[in-house]
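Here's the structure we're looking at; comments come further down.
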Amino acid sequence: MKKIILSTLLLFLVSVLFVFKIQTKNELTLQEKHAYFLKNSPFKDTKHLNKKQRKALGIPPNKYNEYEWEVSMDPSIGRPIPENLIEIQKEINSGKFQMPSTTRSVPGDAANFWIERGPNNVGGRTKAIMFDPNDTTNETVFAGGVSGGLWKNSKISDPNSAWQMVSISSNLTISSITYDPLNHNIFYLGTGESYTYGDGIGDGVWKSEDKGATWTH
């Protein structure tokens, strides 16, 4: 009988301590929550390993990924929320979310009152480039930027020929471009990057059936 009473009392005390711990955690400030999540990061045991140690464990050698995960986490839930970027992008494209005109513009937009001062000989993070298979003169080139947008130059051999933005989301992260070898009217865009988390969030594959004039998701 005494054992039953002691066991019941012990269980009651453990329950009280558990509830108290949960309540205390819920009452933490945002700064305290952030400190807690950083201290208990899933990468706390790996981010200090050198390349040799990481290779032995089969872990990618680039520690940037783990650092980026920690510095871009939402302090209230303890992880990054890249899925929100895709939803925001959809809202902007749908027209439901109106941004000020000054923030919608990017270099190359007709409505942008900023004047590019250079340098103008740097392509930036241009990871996708393709000669238009429909141009037998090899003068038309498409280029996709990781920082956003698809661009076209119709006279690539002319150093004074300007790049024009193609009618697709200007903040789309483009990492690859190709065409259908059986139908040169059809182009495909691949978006996003594998190992940069919030820096290069993709939005799937895009397709054009009119030689790159218009695109669908």
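What follows draws every value from the coordinates through simple rules; no lab data is involved. Note that this is a predicted model, so its numbers are computed, not measured. Here the Cβ is made from the backbone with ideal geometry for all residues, glycine too, and neighbour counts use every protein chain on show.
Which of the peptides 137-148, 55-66 is most tightly packed, and how do the rest follow, judged by the mean count of other Cβ atoms within 10 Å per residue?
Averaged packing, sorted descending, gives the order 137-148, 55-66.
Among the listed pairs K63/K207; K90/K207; K47/K207, which are separated by more than 28 Å between their Cα atoms? Write down the numbers at each step before the final one.
Details: K63/K207 34 Å; K90/K207 17 Å; K47/K207 39 Å.
Going by Cα-Cα distance, K63/K207; K47/K207 fall outside the 28 Å limit.
If the chain between K44 and D135 were fully stretched, how many nm would it gain, using 0.36 nm times the residue separation less the Cα-Cα distance?
Stretched out fully, the K44 to D135 stretch lengthens by 27.4 nm.
Using only the Cα atoms of the range 148-196, build the gyration tensor, take square roots of its eigenvalues as a ≥ b ≥ c, and label the shape rounded, prolate or oblate: rounded if a/c is under 1.5, else prolate if a/b is larger than b/c, else oblate. Walk me through the numbers on the way to the answer.
Details: a/c = 2.07, a/b = 1.21, b/c = 1.71.
Because a/c hits 1.5 or more and a/b fails to exceed b/c, the range 148-196 counts as oblate.
Note the full-extension length gain between K155 and K207 as 0.36 nm times their separation in residues minus their Cα-Cα distance, in nm to one decimal. Kindly include the intermediate steps, with their values, before the conclusion.
On the way: separation 52, 0.36 × 52 = 18.72 nm, distance 2.37 nm.
Fully extending the segment from K155 to K207 adds 16.3 nm.
Please give the contour-minus-distance gain from Y188 to R125: 0.36 nm per residue of separation, less the Cα-Cα distance, rounded to one decimal in nm.
Working: separation 63, 0.36 × 63 = 22.68 nm, distance 1.91 nm.
Result: 20.8 nm gained on full extension.
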